[in-house]
Amino acid sequence: SYGVSGFRVDAAKHIGVEDMTAIKAKLNKTVDGAAPQIAQEVFPGDGRNSAAAFTQVGKVLGFDYAYQIKDSFKSYTQDGNIGNFKIFGAAAGLLPSDKELVFIENHDTERDHTNTLNYTDPNNTIANEFMLAYPYGTPQVYASFAWSNRDDSPPSNSDGIITNTNCTDGSWVCVDRYTGVKGMVGFHNFV
(Lines give C-alpha, C1' and ligand atoms only; values in the text may rest on other atoms or scores of the structure.)
Protein backbone atom coordinates (compact mmCIF):
# COMPACT_ATOMS: atom_id res chain seq x y z
CA SER A 1 0.00 0.00 0.00
CA TYR A 2 3.04 2.30 0.32
CA GLY A 3 4.13 1.69 -3.27
CA VAL A 4 6.84 -0.87 -2.58
CA SER A 5 7.12 -3.28 -5.50
CA GLY A 6 9.55 -5.75 -4.00
CA PHE A 7 12.12 -6.67 -1.40
CA ARG A 8 15.77 -7.69 -1.41
CA VAL A 9 16.30 -10.18 1.39
CA ASP A 10 19.85 -10.14 2.67
CA ALA A 11 21.19 -13.50 3.88
CA ALA A 12 18.02 -15.35 2.88
CA LYS A 13 20.04 -18.56 3.14
CA HIS A 14 20.12 -18.10 6.91
CA ILE A 15 16.38 -17.54 7.07
CA GLY A 16 15.56 -20.76 5.25
CA VAL A 17 13.16 -21.69 2.47
CA GLU A 18 10.25 -22.59 4.74
CA ASP A 19 10.42 -19.30 6.63
CA MET A 20 10.86 -17.28 3.42
CA THR A 21 7.78 -19.00 2.00
CA ALA A 22 5.80 -18.11 5.15
CA ILE A 23 6.99 -14.49 5.04
CA LYS A 24 6.07 -14.15 1.37
CA ALA A 25 2.59 -15.55 2.07
CA LYS A 26 1.95 -12.68 4.51
CA LEU A 27 2.84 -9.94 2.01
CA ASN A 28 0.13 -7.79 0.48
CA LYS A 29 -0.23 -7.17 -3.24
CA THR A 30 1.55 -4.14 -4.67
CA VAL A 31 -0.29 -0.97 -5.67
CA ASP A 32 -0.63 -2.32 -9.22
CA GLY A 33 -2.17 -5.57 -7.90
CA ALA A 34 0.83 -7.83 -8.47
CA ALA A 35 2.67 -9.95 -5.96
CA PRO A 36 5.80 -8.17 -4.72
CA GLN A 37 9.08 -9.16 -6.34
CA ILE A 38 11.46 -11.02 -4.04
CA ALA A 39 15.24 -10.86 -4.57
CA GLN A 40 17.03 -13.30 -2.29
CA GLU A 41 20.71 -13.25 -1.44
CA VAL A 42 21.80 -16.86 -1.24
CA PHE A 43 25.58 -17.14 -1.38
CA PRO A 44 26.70 -20.50 -2.73
CA GLY A 45 28.80 -22.60 -0.46
CA ASP A 46 27.93 -24.55 2.61
CA GLY A 47 25.33 -26.83 1.01
CA ARG A 48 22.80 -26.25 3.80
CA ASN A 49 20.40 -24.30 1.65
CA SER A 50 21.04 -24.24 -2.07
CA ALA A 51 20.14 -21.24 -4.20
CA ALA A 52 17.97 -23.52 -6.35
CA ALA A 53 15.76 -24.31 -3.35
CA PHE A 54 14.92 -20.61 -2.96
CA THR A 55 13.63 -20.23 -6.53
CA GLN A 56 10.25 -21.47 -5.33
CA VAL A 57 9.98 -18.30 -3.23
CA GLY A 58 11.26 -15.77 -5.77
CA LYS A 59 14.30 -14.74 -7.73
CA VAL A 60 17.80 -15.39 -6.46
CA LEU A 61 20.88 -13.18 -6.83
CA GLY A 62 23.09 -14.78 -9.47
CA PHE A 63 26.40 -15.34 -7.74
CA ASP A 64 26.83 -18.43 -9.93
CA TYR A 65 26.40 -16.22 -13.01
CA ALA A 66 28.94 -13.64 -11.81
CA TYR A 67 31.48 -16.38 -11.09
CA GLN A 68 31.07 -17.94 -14.55
CA ILE A 69 31.30 -14.54 -16.25
CA LYS A 70 34.51 -13.73 -14.39
CA ASP A 71 36.02 -17.11 -15.23
CA SER A 72 35.17 -16.71 -18.92
CA PHE A 73 36.29 -13.11 -19.34
CA LYS A 74 39.45 -13.51 -17.29
CA SER A 75 40.32 -16.60 -19.29
CA TYR A 76 39.97 -14.59 -22.50
CA THR A 77 42.83 -12.30 -21.54
CA GLN A 78 44.89 -14.70 -19.45
CA ASP A 79 45.29 -18.45 -19.58
CA GLY A 80 41.88 -19.87 -20.48
CA ASN A 81 39.36 -19.87 -23.28
CA ILE A 82 36.40 -17.57 -24.03
CA GLY A 83 34.92 -20.64 -25.67
CA ASN A 84 33.39 -21.27 -22.25
CA PHE A 85 30.40 -19.33 -23.58
CA LYS A 86 29.59 -22.15 -26.01
CA ILE A 87 27.90 -23.78 -23.04
CA PHE A 88 26.41 -21.10 -20.84
CA GLY A 89 23.28 -20.57 -18.81
CA ALA A 90 21.21 -23.45 -17.46
CA ALA A 91 23.20 -25.90 -19.63
CA ALA A 92 26.30 -24.83 -17.69
CA GLY A 93 24.63 -25.31 -14.32
CA LEU A 94 23.20 -21.84 -13.70
CA LEU A 95 19.80 -21.37 -12.12
CA PRO A 96 16.85 -21.05 -14.53
CA SER A 97 16.92 -17.73 -16.40
CA ASP A 98 13.51 -16.59 -15.11
CA LYS A 99 14.63 -17.14 -11.50
CA GLU A 100 17.99 -15.39 -11.56
CA LEU A 101 18.96 -11.75 -11.01
CA VAL A 102 22.28 -11.63 -12.83
CA PHE A 103 25.15 -9.24 -12.18
CA ILE A 104 28.86 -8.82 -12.82
CA GLU A 105 29.57 -7.43 -9.38
CA ASN A 106 27.58 -6.17 -6.41
CA HIS A 107 28.33 -4.60 -3.04
CA ASP A 108 29.25 -7.98 -1.56
CA THR A 109 31.61 -9.05 -4.34
CA GLU A 110 33.22 -5.89 -5.74
CA ARG A 111 36.22 -6.03 -3.41
CA ASP A 112 36.72 -9.78 -3.73
CA HIS A 113 39.12 -10.24 -6.63
CA THR A 114 38.92 -14.02 -6.56
CA ASN A 115 35.31 -14.70 -7.63
CA THR A 116 33.98 -11.77 -9.65
CA LEU A 117 35.12 -8.87 -11.77
CA ASN A 118 35.02 -5.29 -10.51
CA TYR A 119 35.55 -1.82 -11.95
CA THR A 120 39.34 -2.12 -11.67
CA ASP A 121 39.42 -5.03 -14.13
CA PRO A 122 39.65 -4.09 -17.83
CA ASN A 123 37.07 -6.80 -18.62
CA ASN A 124 34.40 -5.29 -16.40
CA THR A 125 32.82 -3.03 -19.03
CA ILE A 126 32.61 -5.65 -21.75
CA ALA A 127 31.28 -8.17 -19.24
CA ASN A 128 28.45 -5.75 -18.35
CA GLU A 129 27.75 -5.23 -22.05
CA PHE A 130 27.67 -9.00 -22.58
CA MET A 131 25.26 -9.42 -19.66
CA LEU A 132 22.91 -6.89 -21.23
CA ALA A 133 23.20 -8.46 -24.69
CA TYR A 134 22.92 -12.14 -23.77
CA PRO A 135 19.33 -13.12 -22.96
CA TYR A 136 19.77 -14.69 -19.54
CA GLY A 137 18.26 -13.69 -16.23
CA THR A 138 17.26 -10.22 -15.12
CA PRO A 139 20.38 -8.05 -15.36
CA GLN A 140 21.53 -5.60 -12.71
CA VAL A 141 24.26 -3.07 -13.52
CA TYR A 142 26.22 -2.05 -10.45
CA ALA A 143 27.74 1.39 -9.87
CA SER A 144 29.62 2.42 -6.75
CA PHE A 145 32.44 4.62 -5.49
CA ALA A 146 36.15 4.32 -6.21
CA TRP A 147 38.21 2.51 -3.59
CA SER A 148 41.81 1.48 -3.20
CA ASN A 149 41.51 -0.97 -0.32
CA ARG A 150 38.82 -3.24 1.05
CA ASP A 151 37.84 -1.01 3.96
CA ASP A 152 37.54 2.34 2.15
CA SER A 153 34.39 4.31 2.88
CA PRO A 154 32.38 6.27 0.29
CA PRO A 155 33.51 9.80 -0.55
CA SER A 156 32.43 12.20 2.19
CA ASN A 157 32.82 15.80 3.24
CA SER A 158 34.68 17.06 6.31
CA ASP A 159 31.60 16.34 8.48
CA GLY A 160 31.55 12.70 7.35
CA ILE A 161 28.45 13.17 5.20
CA ILE A 162 28.60 11.06 2.02
CA THR A 163 28.89 13.30 -1.03
CA ASN A 164 26.47 13.36 -3.92
CA THR A 165 27.44 11.09 -6.78
CA ASN A 166 29.87 12.85 -9.10
CA CYS A 167 30.76 10.76 -12.14
CA THR A 168 33.36 13.23 -13.42
CA ASP A 169 35.88 13.58 -10.59
CA GLY A 170 36.90 9.91 -10.22
CA SER A 171 35.46 9.48 -6.73
CA TRP A 172 32.43 7.57 -8.03
CA VAL A 173 32.47 4.76 -10.61
CA CYS A 174 29.35 5.17 -12.72
CA VAL A 175 29.42 1.95 -14.76
CA ASP A 176 25.73 2.49 -15.58
CA ARG A 177 26.68 5.69 -17.44
CA TYR A 178 29.53 4.27 -19.53
CA THR A 179 28.60 4.80 -23.17
CA GLY A 180 28.56 1.11 -24.13
CA VAL A 181 26.78 -0.04 -20.99
CA LYS A 182 24.18 2.73 -21.19
CA GLY A 183 23.61 1.89 -24.86
CA MET A 184 23.22 -1.79 -24.04
CA VAL A 185 20.62 -1.02 -21.36
CA GLY A 186 18.53 0.58 -24.11
CA PHE A 187 19.22 -2.38 -26.42
CA HIS A 188 18.31 -4.89 -23.69
CA ASN A 189 15.08 -3.11 -22.87
CA PHE A 190 14.11 -2.85 -26.53
CA VAL A 191 14.72 -6.47 -27.49
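The values are calculated or read from the model by the stated rules, or taken from the named source; none is laboratory data. If you're wondering where the values come from, they're calculated on a predicted model, not measured in any experiment. Glycine gets a Cβ as well: all are built from the backbone with ideal geometry, and neighbour counts include every protein chain shown. Ligands, DNA and RNA are excluded from the accessible area calculation, which covers all protein heavy atoms including side chains. Shrake-Rupley method; radii C 1.70, N 1.55, O 1.52, S 1.80 Å.
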Looking only at the range 146-165, decide whether some residue is in a helix (DSSP H, G or I) and within 22 Å of residue 67 (Cα to Cα). no
Matching strands (runs of 3 or more DSSP E) fully within the range 1-68 where at least 3 residues are crowded, with 18+ Cβ neighbours inside 10 Å, in contact with a strand residue (DSSP E or B) (Cβ under 9 Å, 6 or more places away or on another chain) and at pLDDT 95 or above: 59-61
Picked from the range 96-109 (must be of a type in the set (Asp, Glu) and at pLDDT 90 or above), the residue most open to solvent (accessible area, probe 1.4 Å) is 98
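Residues are listed down the side, and each one gets a yes or a no for (1) farther than 30 Å from residue 53 by Cα; (2) polar (S, T, N, Q); (3) part of a strand (DSSP E or B); (4) at pLDDT 95 or above:
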residue: 90; (1), (2), (3), (4): no, no, no, no
residue: 115; (1), (2), (3), (4): no, yes, no, no
residue: 118; (1), (2), (3), (4): no, yes, no, no
residue: 184; (1), (2), (3), (4): yes, no, no, yes
Would it be correct to say that residue 178 is open to solvent by 50 Å² or more (accessible area, probe 1.4 Å), aromatic (Phe, Trp, Tyr) and either in contact with a His (Cβ under 9 Å, 6 or more places away or on another chain) or at pLDDT 95 or above (or both)? yes
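Anything in the range 137-171 that is touching a residue at least 24 places away in the same chain (Cβ under 8 Å) and open to solvent by 40 Å² or more (accessible area, probe 1.4 Å)? List them, or say none.
Hits for the range 137-171 are 138, 140, 141, 142, 143, 150, 170.
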